[in-house]
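Working notes, structure below.
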Amino acid sequence: MSDNKKWYSLDLGLNNKKESSGTCGCGKTEGSCNSSPKEEELSADEFYEAAINASIGEERHRDGFEQVFDVKMDRRSAFKKLTASLLIGAGAVTTSCSVTTGSDTKEKAQIDWEEQFKGNYKLMTDEEKQGTINRLMRSYELRTHKKINMTAENAAEDVLFGYAFNISKCQGYMNCVSACVEENNQDRNSEMQYIRIHEMKDGEGFKFNKADDNYYHEVPAEGHFYMGTQCFHCDNPPCVEVCPVQATWKEEDGLVVIDYDWCVGCRYCMAACPYDGRRFNWSKPEVPEQEVNKNQHYLGNRMRKKGVMEKCTFCVQRTRKGKNPACVEACPTGARIFGNLLDPDSTIRWVLENKKVFRLKEDLGTEPKFWYFMD
Amino acid sequence: MKNRTLIYLVVLLLGGTLISCKEKEGEYHSISDKIEAESKPYHGNLTSDELLVDTELIKITEGENTFLIPERKSQIKSFACIECHSKPLSEMAGTDIQKAHWDIKLSHANGDAMNCATCHNGSNMNNLNSLTGKDIDFNLSYKICSQCHSNQFEDWKGGAHGKKVAGWAPPRASNTCVNCHNPHSPSFEKRWPVQFNTKTAIERNEGLDH
């Protein structure tokens, strides 16, 4: 148990390994430690199963009236349910009590426990942020035996990120889209993409209902122009406003970010965004191990899970180090310009001051930090 | 007596509105106000120095802008040109030497307006040649381009045209014209997009897309 924490920490005996057979690592000699000597080890799947059993039990296998009528609640099943719920709370403890469990499993259980009860990233101190990324890195290593590098860099002083998109330059090659997918570890199965490139007819203006954002022919196509949309990192973001759990917020440098571990997946933000900037993980995101970008940021491209929101973060893992976002770097035509709005000498400021810029749906007052311009 | 209560009320009301207006949310009316207010004094301390170490750069000043561009001569495989072009072009023409530059086909403006000699100087191949016959160093080839493409030149100086070499953070290092455009065939070619979303295509076929 370490002090100065907002939740109760489990000590799974990693720090005092000597204690073995007789008593458990947890120091108790009764209760959950002795009550279930058969459950030596709970794998992630078993744990999940037990959790579901405890909450809804057999109901999930039944349908309709069976749920009401076909319930045999004898003493045995009642006990079974009780044991299951005990198992969740005591799952980690059980693991620690086992003689056969390896220290890796114990460590994993401890990490899972701490991660389960950590607070909102927005409210964390720098040490707590460091703590959680250390746990996430270690957890990844324990699961895959591969190392990743995750940071929790905060916004730098005097930085406000802004983006400009040159409509005359974009030719619709979509190098930005593929660079973004690779950089941000987006789910390959559902082919999630943060960036959309819209092919629009010349002379018709911005008609998103008529535009095609999934064309496949030689580009640039005759009589068409191209423009890209993604998260605009509004200065007055409606998505942040509607989040019931404050899992998304605006950082000091203007990035609108999501704590994937705090998001409950209600998708209010998706509905509130007037720009279709947000994406939802309907399934567990999967990226082949060799394709995983291992330079990660807690708020950026770290692996997401099923049922949480994600979106463009202006590649927070890159931009807070002074690099350009992956889309800017990949663009072969130089249509994408990124920089610091607070730096009077930056190129983005020159664009805003010298080109005729506009933003989408400006009248909504969302104040996107993403401008369009033409040559 | 009645008047005094009225005055009290008015003062209270005014005070109330003043206090309630001072929430942090409405600190700026718009993003441009915010940019203007927060950018002075500016003391950002991130740099792209580290990202630029592998690129050889030269510093140029054009108008009010001073920035870095990639050095060019070391990137041209057949530089220095005089290693072959030891004599003026007129003397080399027609002689029985191996043909070179057969892969270069000029598709830049039309033949009436431009030919090789518009940019190259037949009697001094190591330098480029301005329209008025002045030498222009290969490293500063943008000076050749800017003779005609003046709008692009203005945008490039300011930073609206042309890609950055590495990061957004200062110092600014921008690609020069020839880093993206082949000077002999400067426009970008038609090609297939690198990405196609099969899932979206399926959803659209099934009418699931909104």
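The values are calculated or read from the model by the stated rules, or taken from the named source; none is laboratory data. Since we're looking at a predicted model, the values are computed, not measured. Here Cβ is always computed from backbone atoms with ideal geometry, including for glycine, and neighbour counts include all displayed protein chains.
Here are the numbers for this structure:
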{"read-out": "Number of the exception - B:Cys145 against (1) more than 14 Å from chain A (Cβ to nearest Cβ); (2) farther than 15 Å from A:Gly334 by Cβ; (3) at pLDDT 95 or above", "value": "(2)"}
{"read-out": "Filtered residue count, region A:269-289, keeping only those that are surrounded by fewer than 18 Cβ atoms within 10 Å (Cβ to Cβ), farther than 25 Å from A:Leu341 by Cβ and not hydrophobic (A, V, I, L, M, F, W, C)", "value": "5"}
{"read-out": "Residue check for A:Glu182: in the same structural domain as A:Tyr226 (by TED's automatic domain parsing), at negative phi, assigned to a helix (DSSP H, G or I) and among the acidic types (Asp, Glu)", "value": "yes"}
{"read-out": "Of all residues making up region A:327-356, the number that are more than 23 Å from A:Lys311 (Cβ to Cβ) and not small (Gly, Ala, Ser)", "value": "15"}
{"read-out": "Top-ranked residue in region B:61-120 [being among the basic types (Lys, Arg) and loosely packed, with under 11 Cβ neighbours inside 10 Å; ranked as modelled with the lowest pLDDT]", "value": "B:Lys99"}
{"read-out": "Region B:50-60 - residue that is of a type in the set (D, E, K, R) and farther than 21 Å from A:Arg349 by Cβ and, of those, surrounded by the fewest Cβ atoms within 10 Å (Cβ to Cβ)", "value": "B:Asp54"}
{"read-out": "Residue that is farthest from the chain's Cα centre (by Cα) [pool: residues in region A:102-114 that are under 12 Å from A:Arg138 (Cα atoms) and of a type in the set (Asp, Glu)]", "value": "A:Asp104"}
{"read-out": "Residue match in region A:344-359 (condition: of a type in the set (Asp, Glu), closer than 23 Å to B:Leu46 by Cα and crowded, with 19+ Cβ neighbours inside 10 Å)", "value": "no"}
{"read-out": "Residue that is surrounded by the fewest Cβ atoms within 10 Å (Cβ to Cβ) [pool: residues in region A:246-263 that are in contact with a Phe, Trp or Tyr (Cβ under 7 Å, 6 or more places away or on another chain) and in contact (Cβ under 8 Å) with a residue 60 or more places away in the chain]", "value": "A:Trp262"}
{"read-out": "Lone qualifier among A:Asn154, A:Asn209, A:Asn189, A:Asn149 - being assigned by TED's automatic domain parsing to the domain that holds A:Gly228 and either within 30 Å of A:Lys369 (Cα to Cα) or of a type in the set (D, E, K, R) (or both)", "value": "A:Asn209"}
{"read-out": "Residue among A:Lys369, A:Lys311 that alone is away from chain B (no Cβ under 12 Å), at pLDDT 95 or above and more than 18 Å from B:Ser174 (Cα to Cα)", "value": "A:Lys311"}
{"read-out": "Whichever residue in region A:182-194 is facing chain B (nearest Cβ under 9 Å) and of a type in the set (S, T, N, Q) and, among such residues, is surrounded by the most Cβ atoms within 10 Å (Cβ to Cβ)", "value": "A:Gln193"}
{"read-out": "Test: B:Leu46 is at the interface with chain A (Cβ under 8 Å from one of its Cβ atoms), surrounded by 13 or more Cβ atoms within 10 Å (Cβ to Cβ) and in contact with a Lys or Arg (Cβ under 7 Å, 6 or more places away or on another chain)", "value": "no"}
{"read-out": "Residue check for A:Asp375: in contact with a Ser or Thr (Cβ under 7 Å, 6 or more places away or on another chain), at the interface with another protein chain (Cβ under 8 Å from one of its Cβ atoms), modelled with pLDDT under 95 and closer than 29 Å to B:Asn151 by Cβ", "value": "yes"}
{"read-out": "Subset of region B:148-173 (residues that are more than 8 Å from chain A (Cβ to nearest Cβ) and small (Gly, Ala, Ser))", "value": "B:Ser150, B:Ala173"}
{"read-out": "Search result, residues across region A:306-328 that are out of contact with any Cys (no Cβ under 9 Å at 6 or more places or on another chain) and not small (Gly, Ala, Ser)", "value": "A:Lys306, A:Val316, A:Gln317, A:Arg318, A:Thr319, A:Arg320, A:Lys321"}
{"read-out": "Single condition A:Phe206 does not satisfy, out of (1) at pLDDT below 95; (2) buried (at least 20 other Cβ atoms within 10 Å of the Cβ)", "value": "(2)"}
{"read-out": "Residue within region B:58-66 that is more than 25 Å from B:Gly122 (Cβ to Cβ), within 14 Å of another protein chain (Cβ to nearest Cβ) and part of a helix (DSSP H, G or I) present", "value": "no"}
{"read-out": "Neighbours by Cβ (under 6 Å, 6+ apart or cross-chain): first from region A:159-181, surrounded by fewer than 22 Cβ atoms within 10 Å (Cβ to Cβ); second assigned to a helix (DSSP H, G or I) and among the aliphatic types (A, V, I, L, M)", "value": "A:Asn175/A:Ala330; A:Ala179/A:Ala326; A:Ala179/A:Ala330"}
{"read-out": "Restricting region A:140-158 to residues that are over 26 Å from B:Trp168 (Cα atoms) and surrounded by fewer than 18 Cβ atoms within 10 Å (Cβ to Cβ), the residue that is farthest from the other protein chains (Cβ to nearest Cβ)", "value": "A:Leu142"}
{"read-out": "Residue list for region B:176-199, restricted to those being more than 7 Å from chain A (Cβ to nearest Cβ) and either surrounded by fewer than 19 Cβ atoms within 10 Å (Cβ to Cβ) or among the aliphatic types (A, V, I, L, M) (or both)", "value": "B:Val178, B:Asn179, B:His181, B:Asn182, B:Pro183, B:His184, B:Ser185, B:Pro186, B:Ser187, B:Glu189"}
{"read-out": "Segments classed as helices (runs of 4 or more DSSP H), wholly inside region B:112-172, with at least 1 members that are free of Cβ contacts under 8 Å to residues at least 40 places away in the same chain and in contact with a helix residue (DSSP H, G or I) (Cβ under 6 Å, 6 or more places away or on another chain)", "value": "B:142-145"}
